[in-house]
1. Select from segment 159-186 the residues that are crowded, with 19+ Cβ neighbours inside 10 Å and part of a helix (DSSP H, G or I) and write down the one among them that is modelled with the highest pLDDT.
2. Could you list all residues from segment 99-124 that are farther than 20 Å from residue 204 by Cβ, at pLDDT 85 or above and buried (at least 17 other Cβ atoms within 10 Å of the Cβ)?
């Protein structure tokens, strides 16, 4: 796709966008579809945020991590997805360099926070199942809030460093056909290891251990003679549900984020195609839209809280004390 440079201001080339080859009907349908993705991401995660913040029963250490992930996913939907979708629709970057830098910082920062929130949830679940007494004694809501704050601060510091060195080494970010980082070999490898490989390894290893611990507990319960065959059947059903939820979480995480990181690393070997990179970035952001759907499908407390929110029952007196678990 050819672009014609019309001026050079704000330390960045600005280009005229090519004329759209899509018909008006297809263009409108594409806009509506992509807008619906943003709305699902924003509204779904906002429902999780309201649920955890409002209902006292949901003020648990684990739910503080879920709240942190919902906030990061909500911000991705509100701040990052719209410019990304605009790039995909118009096939060019229409804003200045300053907004490009701000957009990239938000995209990388919020995505890394979301990824590490998933990893922290895996650590939390493993610790809770492997050492339940020690977990209940040492892990509190305030302590988990400190962990969440530390996660956000470290992610912000890392991504500020990444942006500083990438812009310094290249002279500018790419903001003609699109807005994205083109990192050198060292920073590409560092970003791949810290932002994807390490948290993914933690997630997979700990979730596998969690599944085996849960299965061992279920087997021990079934072996007790005081339980009926109905309880044994319920135990097997719980095992299958646990395996399904863990499998879906990890599969969605890998499917959404792996293509972008692989292509970003290959960018040091082959020429980067801006349109392909934008699509892979959007695929990674879709993980933020899918997370609330997973909660709605597998967590009854979320469905009950959403019902209370949509029916405005949370406006009633003492609604925060409603039993939803």
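1. Among those residues, the one meeting the criterion is 159.
2. Within segment 99-124, 103, 104, 106, 107, 108, 109, 110 qualify.
The values are calculated or read from the model by the stated rules, or taken from the named source; none is laboratory data. The shown structure was predicted, so the numbers you read here are calculated from the model rather than taken from an experiment. Neighbour counts are summed over all protein chains in view; Cβ atoms, including those assigned to glycine, are modelled from backbone coordinates with ideal geometry.
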